[in-house]
Each structure stands twice: as C-alpha cells, then as structure tokens.
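Novice: Questions regarding the structure given below will be posed in turn.
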Amino acid sequence: MTLFTRSEPVREFSNLQDRLNRMNRLIRESFSPEGPEEALTTTNFAPPVDIYEDEHTITLKMEVAGIDEKDIDVRIEGSTLAVHGERKLEKEEKEENYRRIERQYGSFTRSFTLPNSVDPNQVSAHYEKGVLKVNLAKKAEAKPKQIKINVGSEKVLEAKVQGKAA
C-alpha cells in the first residue's frame, strides 16, 4: 500500500524559523533576571487556519485553544482581515527538576487579504471550544446566479405561431 504525504515547504520553513528564533532568544536572555525558562515560553506563533468557501460565504476556522475570547481581536482594515491574540503562560509545577514546554505562548497575528467578492459589512466571528470561526458573507453580485433552461419551449412556441397563421 502506497501512502502519499503532502509536502508543505513554506510551513516547514516557517516552523524552522520559529524554532531558530526561540533558540536565539534563549541564548540572548539566558542571563536575564527572568531566566531561560521565560525565554523559552514567550514567543510569537501562528495558529493553524482552515478556510472553506461556498456560494454564499468564506469561512475561516482558527485553532486558538487556551486563549480567552477577550484576548482575541478580529478586525477589517481596508481589504485585510487581521486576527490578533495572545496565549498567556499558565503557572506550571516543576516535578523532579524536569520541565518540558511544547505548547507555544505569546502573541500572534494572522492577516488575510479579502477578495473583492466579500462584503466587509457582513462579517461575524464566533468562539467555541478553542476554535474561532469567522464568516465572511459574499456580496450579492458575487453570488452565482442560476439560469433556468427551458426544455422544448422553442417547439411549443413554433407550433403556436404556425397554429395562428393557419
């Protein structure tokens, strides 16, 4: 059985850059009064986003678990949707001098250029169970219009015209 994996070099490069930034910050701040643990836990990160589109809306679902809704700011500036937020470090317990932090903390900003089809006055955001859902309604003129196809109408019209002429 053959398995296919999707390569995402941009995301991989971004993750590598984030790790290098964290290491650089750790080295710079290892002699700071806060200590190296603080340097490891405060960094910028980018929460993952799924984007869906149908004929009426574009929907963004952003994974922001562990962030209070009051710490999230969603706004439209020109033709850009910007989402800002911050995940704050919780107090942690140390056990046997072992400590490991894998979740990312700190502030984030995600920006999305809106297509011309989006109505900036018809945007809503909903937060539930660690997922921020932003609905962007499309303008009426951008929605697809279905054209009804008449079947056999030409023959009926032709028959009526011939019936009147006879």
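None of the figures in this text is laboratory data; all of them are computed from the coordinates on show. Small disclaimer: the values here were computed from a predicted structure and weren't measured. Cβ placement follows ideal geometry from the backbone for every residue including glycine, while neighbour counts extend to all protein chains displayed.
Novice: With a 10 Å Cβ neighbour count serving as the proxy for reagent exposure, in which order, fewest first, do Y127, Y52 appear? Present the calculation step by step, with values, prior to reporting the outcome.
Specialist: Values: Y127 17, Y52 10.
With the sparsest Cβ surroundings first, the list reads Y52, Y127.
Novice: Something else: Cut-off is 10 Å between beta-carbons; in what order do D71, D50 appear when sorted fewest neighbours first?
Specialist: Numbers: D71 14, D50 11.
Ranking D71, D50 by Cβ neighbours within 10 Å, fewest first, gives D50, D71.
Novice: Moving on to the next point. Would you mind ranking R22, R75 by Cβ crowding within 10 Å, fewest neighbours first? Walk me through the intermediate numbers first.
Specialist: On the way: R22 19, R75 11.
Listed from fewest to most nearby Cβ atoms, that is R75, R22.
Novice: Round to the nearest 0.05 the FRET efficiency obtained for E77 and N150 when R0 = 41 Å and r is the Cβ-Cβ distance. Walk me through the intermediate numbers first.
Specialist: On the way: r = 47 Å, r/R0 = 1.15.
It comes out at approximately 0.30.
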